[in-house]
Amino acid sequence: MTTTRLTIIRPDDWHVHLRDEAMLQMALPWTARTFGRAIVMPNLDPPVTTAAQAAAYRDRIRRVLPDGSRFEPLMTCFLTDETGPEDIARGFAERVLTAVKMYPARSTTNSAAGVTDFRRVYRVLERMQAVGMPLLIHGEVADQETDVFDREKAFIDRVLVRLRADFPALRIVLEHITTAEAVDYVQDAAGPIGATITAHHLMINRNAMFAGGIRPHMYCLPVAKRESHRLALRKAAISGDPRFFLGTDSAPHLIQDKESACGCAGIFTAPLALELYAQVFEEERALDRLAAFASLNGARFYGLPPNTEAVTLVQSPWQPPELLPVGEADQVRVFCPEGKARWRLLEPAD
Ligand code: DOR
Ligand code: ZN
């Protein structure tokens, strides 16, 4: 019998870009409609680098939340060569900060201030390891000589292996993994490591960027890889292995910033992210494992209880908005590779 209705514990998004100002006003209600909590990325321009800035950003997010929403933003701080261990540890103890995000310098959007050499942040990592604070990693080397499709594997080989040898008890999330090598590494590693997987990396391979022409809305970082990697990601997501959990990396950019001679990296999935994951799990005949991936594994990694509410998805094709307005004059494009979504999240009024 085919499942047409599925109720699961309300999921969390363990990696999302909510942005600020008009973009925040557009993006936040979509994330808050579905997810109980979300790990909020700090790569604003300029980035959120201190606990005080994270607290101020959290206030701005809370002010934009729809009335009655119980959504909880979990804040992160952007690691730079200059980050001090004290501020980070205090922010964690005071529950302003949930984690620290490490971008190799110039690896992606607004990451110019990222870490230039991992030895420069060893004091911070030591402290984080001591207090049990998670390190979230954009796992790509940033050197332009390395082939763009090899940068995740190169990061694991050249940086992550050494970093984990030096900090075996540091809690690490390898964010938005895109390769079979990352799946294997996380699966087999000893110690506290997890990985997030996006909906778009489960749905598209690198051909999507070149289907009939250049497709800027299919471009994100890490860039989608070949089909064998997408299949490995699907296997990991549906495996039930507690190390793999949902992180959308939903990353809105204005249309003119995507459709440009130098278009930004980022795919905006927030309006239908859970629905897309449900489609993937259905295709894999693994709907019974969606709750582990979306609602349980991440919370467990972060040492948080699962949400207490539930959400219901029904199989009922619908047309998500293609474009959403941002402020008076701008728009973002919503990712929906098939034009229609097969699953729909029931709203409280349904
Ligand atoms: O595609 C991406 N977009 N990857 C990232 O790492 C950053 C993100 C963004 O902020 O736009
Ligand atoms: Zn991201």
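The values are calculated or read from the model by the stated rules, or taken from the named source; none is laboratory data. Given the structure is predicted, the values throughout are model-derived calculations rather than measurements. Quick reminder, even Gly has a Cβ in these numbers, built from the backbone with ideal geometry, and neighbours come from all protein chains shown. We work out accessible area using only protein heavy atoms, side chains counted, and drop any ligands, DNA or RNA first. Shrake-Rupley method; radii C 1.70, N 1.55, O 1.52, S 1.80 Å.
Quick one: Ala56 ticks every box in (1) small (Gly, Ala, Ser); (2) away from ligand 1 (no atom under 14 Å from the Cβ); (3) touching a residue at least 12 places away in the same chain (Cβ under 8 Å) bar one, so which box is it?
Evaluating Ala56 over (1) small (Gly, Ala, Ser); (2) away from ligand 1 (no atom under 14 Å from the Cβ); (3) touching a residue at least 12 places away in the same chain (Cβ under 8 Å) leaves (3) as the failure.
Would a scan of segment 39-49 turn up a residue that is open to solvent by less than 50 Å² (accessible area, probe 1.4 Å), touching a residue at least 24 places away in the same chain (Cβ under 8 Å) and part of a helix (DSSP H, G or I)?
no
Working only within segment 86-126, note down all residues that are open to solvent by 60 Å² or more (accessible area, probe 1.4 Å), modelled with pLDDT under 95 and assigned to a helix (DSSP H, G or I).
Passing the criteria: Arg119, Arg120.
Any residue at all in segment 175-184 that is within 25 Å of Cys336 (Cβ to Cβ), part of a helix (DSSP H, G or I), within 16 Å of ligand 2 (Cβ to nearest atom) and open to solvent by less than 50 Å² (accessible area, probe 1.4 Å)?
no
Search segment 240-268 for residues that are of a type in the set (Asp, Glu) and pair each with any residue that is crowded, with 21+ Cβ neighbours inside 10 Å when their beta-carbon atoms are under 6 Å apart and the residues are at least 6 apart or on different chains.
Pairs found: Asp249/His15; Asp249/His176; Asp249/Thr198.
Which members of segment 264-292 meet the condition of being within 16 Å of ligand 2 (Cβ to nearest atom) and open to solvent by less than 30 Å² (accessible area, probe 1.4 Å)?
Scanning segment 264-292 gives Ala265, Gly266, Ile267, Phe268, Thr269, Ala270, Ala273.
Check whether at least one residue in segment 283-290 is in a helix (DSSP H, G or I) and of a type in the set (Asp, Glu), and report yes or no.
So far as segment 283-290 goes, yes, one or more of its residues are in a helix (DSSP H, G or I) and of a type in the set (Asp, Glu).
Condition check ((1) more than 16 Å from ligand 1 (Cβ to nearest atom); (2) within 30 Å of Val314 (Cβ to Cβ); (3) at pLDDT 95 or above) across all residues:
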| site | (1), (2), (3) |
| --- | --- |
| Glu21 | no, no, yes |
| Leu28 | no, yes, yes |
| Asn43 | no, no, yes |
| Leu65 | yes, yes, yes |
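Considering only segment 250-278, state which residues are away from ligand 1 (no atom under 15 Å from the Cβ), part of a helix (DSSP H, G or I) and farther than 17 Å from Ala224 by Cβ.
Pro271, Leu272, Leu274, Glu275, Ala278
Taking the criterion of being surrounded by fewer than 21 Cβ atoms within 10 Å (Cβ to Cβ) and within 16 Å of ligand 1 (Cβ to nearest atom), would at least one residue in segment 233-240 satisfy it?
Taking every residue of segment 233-240 in turn, none turns out to be surrounded by fewer than 21 Cβ atoms within 10 Å (Cβ to Cβ) and within 16 Å of ligand 1 (Cβ to nearest atom).
So, in segment 293-316, exactly how many residues are crowded, with 23+ Cβ neighbours inside 10 Å, part of a helix (DSSP H, G or I) and either within 16 Å of ligand 2 (Cβ to nearest atom) or of a type in the set (A, V, I, L, M) (or both)?
2
Looking at segment 93-115, I want the residues that are over 16 Å from Met128 (Cβ atoms) and have a partner that is in a strand (DSSP E or B) and of a type outside the set (A, V, I, L, M, F, W, C) with Cβ atoms under 7 Å, at least 6 apart or on another chain. Which pairs are those?
Gly114/Pro104
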